[in-house]
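Novice: Structure below; questions to follow.
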Amino acid sequence: MLDSEHLRHCSPQEEPFVMVSENVLGKPKKYQGFSIDVLDALANYLGFKYEIYVAPDHKYGSQQADGTWNGLIGELVFKRADVGLSALTITPERESVVDFTTRYMDYSVGVLLKKAERTMDMFACLAPFDLSLWACIAGTVLLVGTLVYLLNWLNPPRLPMGSVSSTTLYNSMWFVYGSFVQQGGEVPYTTLATRMMMGVWWLFALIVISSYTANLAAFLTISRIENSIQERKKKRKNNKRKKRKKKRKNNKRKRKKKRKKKRNEKRKNKRKEKKNNNKRKRKKKRKNNKRKKRKNNKRKKRKNNKRKKKRKNNKRKRKEKEEEEYI
């Protein structure tokens, strides 16, 4: 579009890339900024003129639901603008509808963190290998020493006259350990099986020691900066786990308390029911006893009345008899 020598330039307003320097009534706006300086340099080099206007919606451009574009990208797509120069991020979606030049400015977001303090550990020499690997190496030393001792015990070497064999279990272990740390040994092993075993062991020791020295050199020379973000994430996870554990414990305690309360309430209710039942039983017994007493008293009264009547009747009869006899 350079043939017209007059280009329409669309740019959203954003400091320090595009800014309004003067805005006097009746006069066109004057713009300045980093993007304007780049555009002036291009105009002087290529020999064209330009006209700047701000995007109507003051946006850089994003794709809408119906597939259309708004902002700066929309102005270029609909050919209302010839050039767009601003702090615009290059994305695959935007590249599919407009052409971008090579980027002239990179922008990235960074986070500043405090450098972790390095602490010297007295067991730093063990850091190249894990604890499980050290345990395996110690186990292989014991195993190979035992095998060497058994091979020499089953097939003892021939010794010169007057010499005493020193192939004990302790010496075999010491010989295997010395060969592992590349210090040699003092016990003569001349049998074929023992020599084959020691050859394989020396090869194993060479591989282990070479890998250990390489890892130790890397560990001592390269400063390992701890990633505090990951540590914080781990701390957050641990804190969340601790909170969950505390919540679970609290919930368990609350449940236990509720269960205890329910049990105590049930026991209290049972005790109250027993007390009430005992009271009712006592009242019934008292009432029954009172009724029995009343009945007995009535019976006694009746009996006494009958006796009195009999006595009276007997007295009357006696009197009548006496009167008749007297007459």
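The values are calculated or read from the model by the stated rules, or taken from the named source; none is laboratory data. Because the structure is a prediction, the values reported are computed rather than measured. Because the Cβ atoms are built from the backbone with ideal geometry, glycine has one as well, and the counts that use them run over all protein chains shown. When the accessible area is computed, the model is the full protein with side chains, heavy atoms only, and any ligands, DNA or RNA have been set aside. Shrake-Rupley method; radii C 1.70, N 1.55, O 1.52, S 1.80 Å.
Novice: On a C-alpha basis, how far is the centre of the stretch 296-316 from the centre of the stretch 51-73 in Å? Whole number, if you could?
Specialist: 129 Å
Novice: Work out, step by step, the length gained on full extension between residue 53 and residue 249: first 0.36 nm times the residue separation, then minus their alpha carbon distance; give nm to one decimal.
Specialist: Full extension from residue 53 to residue 249 adds 64.0 nm.
Novice: If DNA, RNA and ligands are ignored and the probe is 1.4 Å, what is the ranking of 198, 19, 105, 122 by accessible area, most exposed first?
Specialist: 122, 105, 19, 198
Novice: Between their Cα atoms, which of 262/284; 242/262; 30/59 are more than 23 Å away from each other? Spell out each step's value before the answer.
Specialist: Working: 262/284 32 Å; 242/262 30 Å; 30/59 20 Å.
The answer is 262/284; 242/262.
Novice: Further question: Take the Cβ-Cβ distance between residue 233 and residue 169 as r, set R0 to 56 Å, and report the resulting FRET efficiency rounded to the nearest 0.05.
Specialist: After rounding, the FRET efficiency stands at 0.65.
Novice: Heavy atoms of the protein only, probe of 1.4 Å, neighbouring chains included. What is the accessible area of residue 233 in Å², nearest 10?
Specialist: The accessible area comes out at roughly 120 Å².
Novice: Based on the Cβ-Cβ distance of residue 322 and residue 294, what FRET efficiency does E = 1/(1 + (r/R0)^6) give at R0 = 56 Å, to the nearest 0.05?
Specialist: Efficiency, from the Cβ-Cβ distance: 0.85.
Novice: Quick check: with the 1.4 Å probe, what order do 123, 129, 100 take by accessible area, largest first?
Specialist: Numbers: 123 120, 129 25, 100 65 Å².
Result of the area sort, largest leading: 123, 100, 129.
Novice: Leaving out ligands and nucleic acids, note down the accessible area per residue over the stretch 244-307 with a 1.4 angstrom probe, in whole Å².
Specialist: Here the per-residue accessible area is 121 Å².
Novice: Give me the distance in nm between label points sitting 7 Å out from Cα along the Cα-to-Cβ direction at residue 213 and residue 311, one decimal.
Specialist: For residue 213 paired with residue 311, the spin-label model returns 13.8 nm.
Novice: Fully extended, how many nm does the chain gain between residue 64 and residue 93 (0.36 nm per residue separation, minus their Cα-Cα distance)?
Specialist: Here the segment from residue 64 to residue 93 would lengthen by 9.3 nm.
Novice: Sorting 174, 202 by accessible area (1.4 Å probe), largest first, what list results?
Specialist: 174, 202
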